[in-house]
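Novice: Here it is: the structure, laid out below.
The values are calculated or read from the model by the stated rules, or taken from the named source; none is laboratory data. Quick caveat, the model's predicted, so the values are computed rather than measured. Here Cβ is always computed from backbone atoms with ideal geometry, including for glycine, and neighbour counts include all displayed protein chains. Remember, those area values only see protein heavy atoms, side chains included, never the ligands or the DNA or RNA. Shrake-Rupley method; radii C 1.70, N 1.55, O 1.52, S 1.80 Å.
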Amino acid sequence: RFSLLFMSPVKGGGMEIIMKKSRRLCLLFLSVVFVSALCVGCAKAADNAPYTQEPGSGQSGAAGSMSDTEGSSNGEGIVEVESTVTESGRSESQKQTGTAENEAPAQKASTEAESAKQETSVQEDKSDMGTMQSEQEQQSSGSDSTPGTGSTPYSQHGKLSVNGTTLTDEHGAVFQLQGVSTHGIGWFPQYVNEDTFAELESWGANAVRLAMYTAEGGYCEGGDADKDKLKKLIDTGVQAATKLGMYVIIDWHVLNDHDPWTYADEAEKFFAEMSEKYKDYGNVIYEICNEPNSGPDWGSVKSYAEKIIPVIRENAPDAVIIVGTPTWSQDVDKAAADPITGYDNIMYALHFYADTHRDYLRDRMKKAIDSGLPVIVSEFGICDASGNGGNNYDEGNKWIEAMDDYNISYFIWNLSNKSETCALISSGCGKLSGFEDEELSDSGRWYKEVLIKQREDK
Ligand code: IDC
């Protein structure tokens, strides 16, 4: 038998050499098995670690961010994407344009490698998060909450309100927010800091959006300690933006939980707490559901909004509140036909990814505004709706032009170095500020130019 062979080498004979060789081979084999087992173990641990794993296993919200008809109306490669289960429990297959999904295996491998890389940096970052945040807390507790001093966006424009279909500043002049959305703050906490925001401000951004996922290991799936960490991160972000005199959106990032009603009670508690904490911060804006999708209609989203808005209004009687719309925040037409009444300073979200969402969605946006709906683009990208594929600069520029024409505020997705087209920082760059142009991604460079040009034109 194999083990016996090991124990009884014939001394000095050819057999001994064979035995030595087999022993070496065996040792090699065992080491390979051991190392592989270790790797699998690590990967499993990473998968299970809340707040360290990037979201995105499975279909992202974006994978379904368009309807069948939208997919086929686009003359590009159409890829079938396994999709979400509808309210009735029926599994739908939706079509996604672009080639990103075609390259799934290669891409998946690189995404996994990226996740492992990111995880380390997130964990490293988390270790000093405690210190960072307690400093922030000391600064914020009892400190004056007047955002920015000197010539900052807030010092010039003050508290914003919604007038007709647009935002206006405290002097009554039309005002446009031009900002950047973080990735999920739980996964990329390192970018929630004053230096990074200052860099965005130096390009011409006047606002940031703090995206806090509710599902995918996000706020509603963690325990109290995880919730506290995320709330501290929000505070870090709000304080940093406030110091710089930038506007800041607190975004309840509903995505793979589909329906804002899934965690409506949690949302109610969260917004009660946030609006109480930031009631004196004229620069804070509340976004109560990023992208309802795969089920809830406008009636249902509207009734969710009617549950949350009064909770915020109790503490922040005139803060701007953004309400997401069904179909990944694309159905502004439905909201325009039946807007929320009885409250001021409400805006409705329209999100687009320029390579997927083209004329038909721009037309829908314009029509909604023409019919009196205040629309805000609290998230957009210039690649396809999966956050990958190539950038479509032509369509991106058409969107910017349309939004500028209508004085619509916008926030690009996302402030991270994740290996995906829509990340603004190149995946090889670990810096948090002082980015050279080549350390930005293509969309990062494009957006920086958009902002710089806007600033020059003003
Ligand atoms: C994407 C992220 C990606 C993540 C995925 C799932 O870029 O890293 O894996 O979410 O969590 C949206 C969503 C936004 C999506 C983005 C691109 O609001 O969370 O981010 N997108 O898919 N709507 C349309 C596109």
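Novice: So which of Lys334/Lys366; Lys232/Lys302; Lys159/Lys229; Lys159/Lys398; Lys231/Lys269 end up more than 18 Å apart, counting from Cα to Cα? Can you show the working numbers first?
Specialist: Numbers: Lys334/Lys366 13 Å; Lys232/Lys302 29 Å; Lys159/Lys229 28 Å; Lys159/Lys398 30 Å; Lys231/Lys269 12 Å.
Those over the limit are Lys232/Lys302; Lys159/Lys229; Lys159/Lys398.
Novice: Determine the dipole magnitude for the stretch 339-458: charges of +1 sit on the beta-carbon of Lys and Arg, -1 on that of Asp and Glu, nothing else is charged, the reference point is the Cα centre, and the result goes in debye to the nearest 20.
Specialist: Details: 13 positive and 21 negative charges, 60 e Å.
Taking the Cα centre of the stretch 339-458 as origin, the dipole is about 280 debye.
Novice: Using +1 at the C-beta of Lys and Arg and -1 at the C-beta of Asp and Glu, which of Thr242, His258, Val375 has the Cα lying farthest in the positive direction of the dipole of the stretch 225-381?
Specialist: The Cα lying farthest towards the positive end belongs to Thr242.
Novice: Heavy-atom accessible area per residue, the stretch 200-250, 1.4 Å probe: how many Å²? All intermediate terms of the calculation are to be shown ahead of the outcome.
Specialist: Working: 1160 Å² over 51 residues.
Accessible area per residue, the stretch 200-250: 23 Å².
Novice: While we're looking at this one, here's another question. Per-residue accessible area for Ile400 at 1.4 Å probe radius, Å² rounded to 10?
Specialist: Spelled out: Ile400, probe radius 1.4 Å, area about 10 Å².
Novice: If you place +1 on the Cβ of every Lys and Arg and -1 on the Cβ of every Asp and Glu, how big does the dipole about the Cα centre of the stretch 175-224 come out, in debye to the nearest 20? Show your work: numbers first, answer last.
Specialist: Values: 1 positive and 7 negative charges, 37 e Å.
For this selection, approximately 180 debye.
Novice: With charges set only on the Cβ (+1 for Lys and Arg, -1 for Asp and Glu), what does the dipole of the stretch 271-317 come to about its Cα centre, in debye to the nearest 20?
Specialist: Working: 5 positive and 8 negative charges, 19 e Å.
So the magnitude is around 80 debye.
Novice: Whole number in Å², please: accessible area per residue of the stretch 307-356, 1.4 Å probe, ligands, DNA and RNA not counted. Let's see the in-between values first.
Specialist: Working: 1460 Å² over 50 residues.
Roughly 29 Å² per residue, with all protein chains present.
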